[in-house]
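Trainee: Have a look at this one before I ask anything.
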Amino acid sequence: MSDYPTSQYPVPDFTPPDDEPPQRRGYWSSTPPWYVMMVAAILIVMLAILLILLFRDDGTETTAGEDTTTSITQTTVETTATVPTTTGSSTTSSSTTEPSSSTTTSTSTSTSTTSTTTPPSTSSTSSSTSTTVDPAVFETAVWPWIESTTRYDDPVEAAKGFALDFLGFDQVFAGQYVAGDSRSGELEIRQFRAGPTTTVFVRQLGPDDTWWVLGSATENIRIDEPDALAEIDSPLTVSGESVAFEAVVNVELRVDGSTTPLVDGIVMGGGTELLPFEETFTFDDPDEGRGALVLFTISARDGEIQEASVLRVVFGS
């Protein structure tokens, strides 16, 4: 076999000719085909555009957590035209609103106008209000004095003022107002919680409906003479029934507006039960005007006035 002639079976030549394409040679060229390069270029361009969209800088500075969304807010411009309308002591304002639209970014500003109206006073405390009404309207009232500027918007406060400022109570405990009709009534007052009771008669007088005291009464001091609104002069006889510590009841005859009484005396009734009293007093007759006859008892504990019966009187000529 070694002598097998090679010339009979020649060895084929596998070297391709120079003009045959590389792929036919059985291997790839080191340069990629043109369509691969085109696809890669398109991908690169798309990636660049995506990055630009994600990370573009449009000239605004963004802070973490800050809302950069632009909102459109409609702002209403309110034009207020105030037309005063007077009713009592209050003023009413009317407003006209004209809407207009504007665009703002992320912020809207609103302005509110608050109108404050002070209502007329309904307080029950005393007020200093002068009146030009005919004084004759108030002549039946003992308190407050007509010439003063003290007026009361509440019957309880009127009774308290009478007790403290007219009678001279050191303190006062007032009960509930009890109406007798639509404009008058009564209530009880005490100097001490367990002390004797004085009933105060009150009424609304005048066009402003303020409260006035017409007088007072207590079961321990009953006045028979003079009558309420009686016309009196000197000498004056005072009679009735009473019961008081050591039977003593104090008597004062007062002129409106004066703190010095025309009469300052006593009557003697009963010490443990109601008994009659009668006494005549002389005084410097003012000839005209009005005043009050005041009968009261004094507390044996501290010397304070503790109860009183009061009548309205008229000084005659």
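Trainee: Could you please find all residues in the range 195-208 being modelled with pLDDT under 95 and either among the acidic types (Asp, Glu) or open to solvent by less than 10 Å² (accessible area, probe 1.4 Å) (or both)?
Mentor: Once the filter is applied, which keeps residues that are modelled with pLDDT under 95 and either among the acidic types (Asp, Glu) or open to solvent by less than 10 Å² (accessible area, probe 1.4 Å) (or both), the range 195-208 yields only Asp208.
Trainee: Now for a separate question. Just the residues that are among the small types (Gly, Ala, Ser), part of a loop (DSSP other than H, G, I, E, B) and over 18 Å from Gln176 (Cβ atoms), please, taken from the range 195-220.
Mentor: Result: Gly206, single match.
Trainee: Collect the residues in the range 262-299 that are more than 24 Å from Thr197 (Cβ to Cβ), at pLDDT 95 or above and under 47 Å from the mean Cα position of the chain (by Cα), keeping them in residue-number order.
Mentor: Matches in the range 262-299: Leu262, Arg290, Gly291.
Trainee: Any residue at all in the range 264-271 that's in contact with a strand residue (DSSP E or B) (Cβ under 8 Å, 6 or more places away or on another chain) and farther than 13 Å from Ser242 by Cα?
Mentor: Scanning the range 264-271 turns up at least one residue that is in contact with a strand residue (DSSP E or B) (Cβ under 8 Å, 6 or more places away or on another chain) and farther than 13 Å from Ser242 by Cα.
Trainee: Here is a follow-up. Pick from the range 150-194 the residues that are aromatic (Phe, Trp, Tyr) and in a loop (DSSP other than H, G, I, E, B): which of them is most open to solvent (accessible area, probe 1.4 Å)?
Mentor: Tyr177
Trainee: Go through the range 220-274 and give me each residue that's open to solvent by 20 Å² or more (accessible area, probe 1.4 Å), without any contact (Cβ under 8 Å) to a residue 40 or more places away in the chain and closer than 20 Å to Phe166 by Cα.
Mentor: Those that are open to solvent by 20 Å² or more (accessible area, probe 1.4 Å), without any contact (Cβ under 8 Å) to a residue 40 or more places away in the chain and closer than 20 Å to Phe166 by Cα: Ser258, Thr259, Thr260, Pro261, Leu262, Asp264, Ile266.
Trainee: Return the total of residues in the range 303-317 being part of a loop (DSSP other than H, G, I, E, B) and either without any contact (Cβ under 8 Å) to a residue 24 or more places away in the chain or in contact with a Gly (Cβ under 9 Å, 6 or more places away or on another chain) (or both).
Mentor: The number of residues fulfilling the criteria is 2.
Trainee: Residues that are assigned to a strand (DSSP E or B), at pLDDT 95 or above and more than 51 Å from the chain's Cα centre (by Cα): does the range 238-247 have at least one?
Mentor: So far as the range 238-247 goes, yes, one or more of its residues are assigned to a strand (DSSP E or B), at pLDDT 95 or above and more than 51 Å from the chain's Cα centre (by Cα).
The values are calculated or read from the model by the stated rules, or taken from the named source; none is laboratory data. As the structure is a computational prediction, the values presented were derived from the model and not from experiment. All Cβ positions, even for glycine, are placed from backbone atoms using ideal geometry, and neighbour counts span all protein chains on display. Just the protein is used for accessible areas: all its heavy atoms, side chains included, with ligands, DNA and RNA removed. Shrake-Rupley method; radii C 1.70, N 1.55, O 1.52, S 1.80 Å.
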